[in-house]
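The values are calculated or read from the model by the stated rules, or taken from the named source; none is laboratory data. These figures come from a predicted structure and were not determined experimentally. Please note: Cβ atoms are built from the backbone with ideal geometry, for glycine as well, and neighbour counts cover all protein chains shown. These accessible areas exclude ligands, DNA and RNA; they are computed on the full protein's heavy atoms, side chains included. Shrake-Rupley method; radii C 1.70, N 1.55, O 1.52, S 1.80 Å.
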Amino acid sequence: MFLSLGIESSCDETSVALLDGETVLASETYTQGIHARFGGVVPEIASRAHLQKIDRLCDAVCENTGKNLSDLDLVAVTDGPGLAGALLVGVSFALGIHQGFKIPVTGVHHLEGHICSIFLEPDPPLYPFLALTVSGGHTAIYLVREFGTYECLGQTVDDAAGEAFDKVGKMLGFPYPAGRLIEQEAACAQPPFDLRFPIARPSEDRIDFSFSGLKTAVKYHLNALNQKILQQQRPRICRAFQNAVVEALSGSLENAVARTGIQQIVVVGGVACNGALRAALHSRFGESVRFPRPANCTDNAAMIARAGYERFQRKMTTFPRMNPSRSLT
Ligand code: KG4
Ligand code: ZN
């Protein structure tokens, strides 16, 4: 038995999970719904909400598994990137356990956690593989040759894909986070499907993404509509916007496969929950593309514990140093 406690508090999910080796014993995630009314995450409110929940989630994980903090073999905590005050809550909590019970501790990069979320699933990929990390804060394609080695092949030059979903959602009157709501609305669209939004290709040599032009195109399209027409056309607008994001992500992945010759693809992060993206990538890449189940795509502590366990086994642990803008490469 090797017990790893994972802690994640980089944005608006407070999450604590306990793994025995590679097996998830318990995972508790609290999503801070309070940000919906503000149209986005308010950093100070997020920090306070993490503080209010983190010890209760940790208690729940211990109670559900019958384990005590003194039984732990490792504490793994997200130490960046993310919101400074939010990260600080998780890192301080982890350091408290480390100090109080003399348990080894490691910091985990949030994106390494997302990439490791695929190893929480049955039939995980073999190295090397391409990882598309697509969330509210990040959109990038990494070449992962082995655990801990990440080569960035391209990334967004402006908004992340999830951020574009959330900002377009706000323009359309959806609460934050809007990704799932846009997907649901798009599914109600009726033909004709003639509306198209532009897909930017910011660089010829790299596989970069850009979503801010798409967001502006939606904005101009909405400005030309009155409220009544907008309500009628909302599903079609959602569908056209979602198609543009899906096309940008699929095209760049195709490019990455052609350049590297690597066929295996994993898609992780909150936007990987999107059914249209899953369907499009499965139809382009067949069984060589893998997605974690939706609960493992959005922020969670099981992926952080899993990454921490991999680090511990390879003697790659690092003392947590809260760093809001830490790069993966
Ligand atoms: O990975 P995540 O939980 O947090 C970050 O690390 O950012 O991702 C959250 C993002 C939000 O932008 C949310 O709108 C988006 O993932 N998202 C979706 C869907 N579910 C969540 N985007 C599109 N379709 C979805 N079904
Ligand atoms: Zn994330």
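Within the range 54-77, the residues that satisfy the criterion of being touching a strand residue (DSSP E or B) at 6+ places or on another chain (Cβ under 6 Å) and surrounded by 18 or more Cβ atoms within 10 Å (Cβ to Cβ) are 54, 57, 58, 61, 72, 74, 75, 76, 77. Please tell me if residue 193 is open to solvent by less than 50 Å² (accessible area, probe 1.4 Å) and at negative phi. Answer is no for this residue.
Contact map, the range 91-102: first residue more than 13 Å from residue 16 (Cβ to Cβ), second residue of a type in the set (A, V, I, L, M), Cβ cut-off under 7 Å, separation 6 or more or different chains; pairs are 91/77; 91/322; 95/105; 98/75; 98/105; 101/69; 101/72. Filtered by the rule that a residue be out of contact with any Pro (no Cβ under 9 Å at 6 or more places or on another chain) and away from ligand 1 (no atom under 16 Å from the Cβ), the range 105-140 gives 122, 123, 124, 125, 126, 127, 128, 129, 130. Taking interchain pairs and intrachain pairs at least six residues apart, which have beta carbon atoms under 7 angstrom, with the first residue in the range 1-29 and of a type in the set (D, E, K, R) and away from ligand 1 (no atom under 15 Å from the Cβ) and the second assigned to a loop (DSSP other than H, G, I, E, B) and open to solvent by 10 Å² or more (accessible area, probe 1.4 Å)? As it stands, the answer is 20/1; 20/2, since those pairs meet every condition given.
Screening residue 122 on (1) buried (at least 24 other Cβ atoms within 10 Å of the Cβ); (2) more than 16 Å from ligand 2 (Cβ to nearest atom) shows it passes everything except condition (1). Just one of the numbered conditions (1) within 17 Å of the chain's Cα centre (by Cα); (2) closer than 30 Å to residue 98 by Cβ is not true of residue 310: (1).
Every listed requirement among (1) closer than 30 Å to residue 304 by Cβ; (2) among the hydroxyl-bearing types (Ser, Thr, Tyr); (3) in contact with a strand residue (DSSP E or B) (Cβ under 9 Å, 6 or more places away or on another chain) is met by residue 250 save one, (3). Kindly indicate whether any position in the range 303-324 is of a type in the set (Phe, Trp, Tyr), part of a loop (DSSP other than H, G, I, E, B) and within 18 Å of residue 88 (Cα to Cα). The answer is yes, given that some residue of the range 303-324 is of a type in the set (Phe, Trp, Tyr), part of a loop (DSSP other than H, G, I, E, B) and within 18 Å of residue 88 (Cα to Cα). For residue 218, the test of being more than 30 Å from residue 113 (Cβ to Cβ), away from ligand 2 (no atom under 16 Å from the Cβ) and out of contact with any strand residue (DSSP E or B) (no Cβ under 7 Å at 6 or more places or on another chain) is passed. Considering the range 133-162, the residues that are part of a strand (DSSP E or B) and within 13 Å of ligand 2 (Cβ to nearest atom) include one that is nearest to residue 312 (Cα to Cα), namely 133. Across the range 295-323, the qualifying residues are those that are within 16 Å of ligand 1 (Cβ to nearest atom) and of a type in the set (D, E, K, R), and the one among them that is nearest to residue 124 (Cα to Cα) is 306.
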